[in-house]
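Where a number appears in this text, it was derived from the coordinates with a stated rule and is not lab data. Every value quoted in this text rests on a predicted model; they were computed, and no experiment measured them. Ideal geometry is used to build each Cβ from the backbone, glycine not excepted, and the neighbour counts take in all protein chains shown.
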Amino acid sequence: MQQPIFSDELTWRDRLRYALLRLPLFALLWWILIEGKLAGWWYGIPVILLAVLVSLLLLPAPRQPRPLMGTVRFVGFFLWESLRGGIDVALRAINPRLPLNPDLIDYSLRLPEGNARIVLMNTISLLPGTLSANLRDDCLQVHTLDDNPQTMQSLEQVETVVAQLFGIDI
C-alpha cells in the first residue's frame, strides 16, 4: 500500500518536491478553465494552492519516482499515435475503399496488475481505432477497426512504452 504524502516517513523535501510538481499542472488547468484571462488569477492563485494542498492530503505518494525519460517518451508516443491514428480513422470514414474490418482481439498482458495495467488499458482506449473492451486475468480484449498483424505489434509497443513510464521491465 502506498504511503500518504504526510506520513512520518517522508521528509519535508519530498513533500515540497511533490507540491512543486503539482503546482504547474494545476496552474495550467486553471489557465485553461479561465481561458487565459488575467482577471481570474486573483482568486485562482488561492484556489490553486488549496488544490495542491488537498491533492497532497488525498493522493498517495508514488512508490518510486517515474523515470523522466519514460515520461517524455510516453507523452511523445501518445501525441504521435493520437495524431497518426486520428488521420487513419478519418481517412477510413471518408474513403470507402479503405478496409474497415472491426474485430475483437485477445492480447496477453505482460504488465503486472496495478496502475501500469490501468494506464495501458486507458491509453489503448484513448488512441483512435482501438478500445479496451474486457479484462480477464492476464488477457485484454481489444476492439479494433481493422484486424491486421500490425495491430498486435502496436499493442506491444503501447505496453512497452507504458512499462517504461512506470520503470517496469517486461
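Among Gln157, Ala90, Leu50, pick out the residue whose Cα is farthest towards the positive end of the charge dipole of the chain, where Lys and Arg carry +1 and Asp and Glu carry -1 on C-beta, about the Cα centre.
Of the listed residues, the answer is Leu50.
Could you give the size of the charge dipole of region 108-170 about its Cα centre, using +1 on the Cβ of each K and R and -1 on the Cβ of each D and E, expressed in debye and rounded to the nearest 20?
Dipole size: approximately 140 debye.
Take every DSSP beta bridge with both residues inside the chain and express the antiparallel ones as a percent of the total, to the nearest 5. Mind dumping the intermediate values first?
Values: 13 of 14 bridges.
Within the chain, antiparallel bridges account for around 95 percent of the total.
When the chain is modelled as a GNM with alpha-carbon springs shorter than 10 Å, which of Thr11, Thr160, Thr123 fluctuates the most?
Of Thr11, Thr160, Thr123, the Gaussian network model singles out Thr11 as fluctuating most.
Using alpha-carbon pairs under 8 Å, 6+ residues apart, how would you state the relative contact order of region 68-166 in percent?
38 percent
Using 1/(1 + (r/R0)^6) with R0 = 30 angstrom and r between the beta carbons of Met152 and Leu23, what's the FRET efficiency to the nearest 0.05?
Calculated transfer efficiency: 0.15.
Net charge within 12 Å of Ser108 by Cβ-Cβ distance, Lys/Arg positive one each and Asp/Glu negative one each, not counting Ser108 itself?
Counting the neighbours of Ser108, the net charge comes to -3.
What residue among Ile87, Ile118, Ile32 has the largest mean-square fluctuation in a Gaussian network model of the chain, using Cα springs under 10 Å?
Evaluated over the chain, the most mobile residue of the options is Ile32.
Run the dipole for the chain about the Cα centre, Lys and Arg Cβ at +1, Asp and Glu Cβ at -1, nothing else charged, and hand back the magnitude in debye, nearest 20.
Roughly 700 debye for the chain.
Nearest 10 degrees, 0 to 90: what angle lies between the long axis of helix 68-94 and the longest principal axis of the chain (Cα atoms)?
40 degrees
Compute the helix-to-body angle for 115-126: its Cα long axis versus the longest principal axis of the chain, expressed 0 to 90° and rounded to tens.
60 degrees
Taking N as the number of residues in the chain, what value does Rg over Cα atoms divided by 2.2 N^0.38 Å take?
Normalised Rg, Cα atoms only: 1.28.
Quick one: what does P(r) look like for region 12-58 with 10 Å bins over all Cα pairs, in whole %?
With 10 Å bins starting at 0, P(r) equals 28, 51, 19, 2.
For the chain, calculate the relative contact order in percent as a whole number, restricting contacts to Cα pairs under 8 Å that are 6 or more residues apart.
Values: 171 pairs, mean separation 40.9, N = 170.
Relative contact order for the chain comes out at 24 percent.
At 222 nm, what helix-only mean residue ellipticity would the chain give, in deg cm²/dmol to the nearest 500, using -39500 (n - 2.57) for each DSSP H run of four or more?
-19500 deg cm²/dmol
Sum up the charges of everything whose Cβ sits under 10 Å from the Cβ of Asp146, counting Lys and Arg as +1 and Asp and Glu as -1, but leave Asp146 out.
Cβ neighbours under 10 Å give a net charge of -2.
Extending each Cα 7 Å along its Cβ direction at Ser125 and Asn95, get the distance between those two points in nm, one decimal.
Taking the two extended label points, one gets 3.1 nm.
What angle, in degrees between 0 and 90 and rounded to the nearest 10, separates the Cα long axis of helix 41-58 from the longest principal axis of the Cα atoms of the chain?
Roughly 80 degrees, rounded to the nearest 10.
Please check: in the Gaussian network model of the chain (C-alpha springs, under 10 Å), which one of Ser108, Ser132, Ser55 has the largest mean-square fluctuation.
Ser55
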